[in-house]
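One structure is given here, and the rest of the page talks about it.
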Amino acid sequence: MRTLSTPSPALIFPPNSPGFQNGRGSSTSSSSVTGETVAMVHSPPPTRLTHPLIRLASKHQKEQANIDRLPDHSMIQIFSFLPTNQLCRCARVCRRWYNLAWDPRLWRTIRLTGETINVDRALKVLTRRLCQDTPNVCLMLETVIVSGCRRLTDRGLYTIAQCCPELRRLEVSGCYNISNEAVFDVVSLCPNLEHLDVSGCSKVTCISLTREASIKLSPLHGKQISIRYLDMTDCFVLEDEGLHTIAAHCTQLTHLYLRRCVRITDEGLRYLMIYCTSIKELSMSDCRFVSDFGMREIAKLESRLRYLSIAHCSRITDVGIRYIAKYCSKLRYLNARGCEGITDHGVEYLAKNCTKLKSLDIGKCPLVSDTGLEFLALNCFNLKRLSLKSCESITGQGLQIVAANCFDLQMLNVQDCEVSVDALRFVKRHCKRCIIEHTNPAFF
């Protein structure tokens, strides 16, 4: 007969951290505990305590513990809101809590945070415990979030890849020690993976299958990866060739974020549009080599594109905006902050073709004036968010035209704009739910 066990709270916190010292239910062990994060496995708490004084204290506590009167399904509902480390603590309280804390319904997600945690060891112990009913496989685990755990290495990701074939969501943002090989293992061994966040993982330059996985796949499968959401923000080593490989393997992408991938050029976008024709949201913010030619490629997404961020792409002008406006008529969100080549003509094309636009950021575009705002006001009646920060040519007259036509406006940013108090009051009077961000000390 197998004896069940549960990871100690020391699995999550170093013993000398405040979270461990002040945590309820922390237990001692016969082994010495060092300052480094460790992972220990304990047997379940005893059913009853034998010492008379302990029995008396336990009885007194039981009379005061109203939470024990809750039925099991209510307790499980409460436990479902706890992060992984707190759930492990609850498993150490008593046998009933132990059984409830390890209910399979609570282990669809593992969420670990902290820079000092030995996350590789934590994942190994947790997956081993979750594999007890189904040896070597965690069939219930669908989400792993270890963002900000800087001690995560390829070993931890390999544990996930080997034990979690049903994984659908993986977030490892800020874990800069992981490499391409570990990511390849995960996407190859977790065929249902749909959401992958590797933002800030500077060593990741590509998303692809391992060579072994590619050989095993049938020609009908096409060597594809089922990822739909991919965030590679701050993966600044990513180049066009890596983006080409990603596009060729991840053809089902609908959400792609490449913020501050500074080596990406128009050529990389050309590869992307060849393979990934279903993209709805795309962010190319701070990709300074992307130009109007790249916008021509993005425009091939046509009405499928709903969200586009090209902030601080200084090579984009009215020509690129015209491509987007002509073909992407269902665009809802556009961030073009810092694109200094955009003028009133670009805003006119956008307003007349993308009439369902709800959010627009054209801050730090000094060539946009009240004329452009008038086109927006007369065509985009559903506009809810508008940022004009540091638009030097904007005046109160343009804002009044917007306020008189866009009644649903909820956010307006006019910081560092020469706008009068009367104009701001006019906006507030016509758009009652609008929050105005400004730098005019006379308006409050």
**OP:** Taking Glu374 as meeting all but one of (1) over 24 Å from Ser285 (Cβ atoms); (2) modelled with pLDDT under 95, write down the number of the exception.
**Re:** (2)
Original post:
Among (1) closer than 16 Å to Asn413 by Cβ; (2) without any contact (Cβ under 8 Å) to a residue 40 or more places away in the chain; (3) among the charged types (D, E, K, R), which single condition is Asp344 missing?
Top reply: (1)
Original post:
Looking only at segment 309-348, which residues are open to solvent by 10 Å² or more (accessible area, probe 1.4 Å) and among the polar types (S, T, N, Q)?
Top reply: Ser314, Thr317, Ser329, Asn335, Thr343
Subject >> Qualifying position, being in the same structural domain as Ala311 (by the TED database), farther than 21 Å from Ala442 by Cβ and under 35 Å from the mean Cα position of the chain (by Cα), among Leu383, Leu378 >> reply: Leu383
**OP:** Give Thr153, Thr127, Thr134, Thr116 a once-over and let me know the one that is closer than 22 Å to Glu194 by Cα and surrounded by fewer than 20 Cβ atoms within 10 Å (Cβ to Cβ).
**Re:** Thr153
**OP:** Restricting attention to segment 131-163, report how many residues are outside any helix (DSSP H, G or I) and either at pLDDT 90 or above or within 17 Å of Gly114 (Cβ to Cβ) (or both).
**Re:** 13
Original post:
Going by the structure shown, is Ser74 surrounded by fewer than 16 Cβ atoms within 10 Å (Cβ to Cβ), in contact (Cβ under 8 Å) with a residue 24 or more places away in the chain and over 28 Å from Cys201 (Cα atoms)?
Top reply: no
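The values are calculated or read from the model by the stated rules, or taken from the named source; none is laboratory data. The structure presented is a predicted model; accordingly, all values stated were derived computationally and were not measured. All Cβ positions, glycine included, derive from the backbone under ideal geometry; neighbour counts span all protein chains shown. Only protein heavy atoms, including side chains, enter the accessible area calculation; ligands, DNA and RNA are left aside. Shrake-Rupley method; radii C 1.70, N 1.55, O 1.52, S 1.80 Å.
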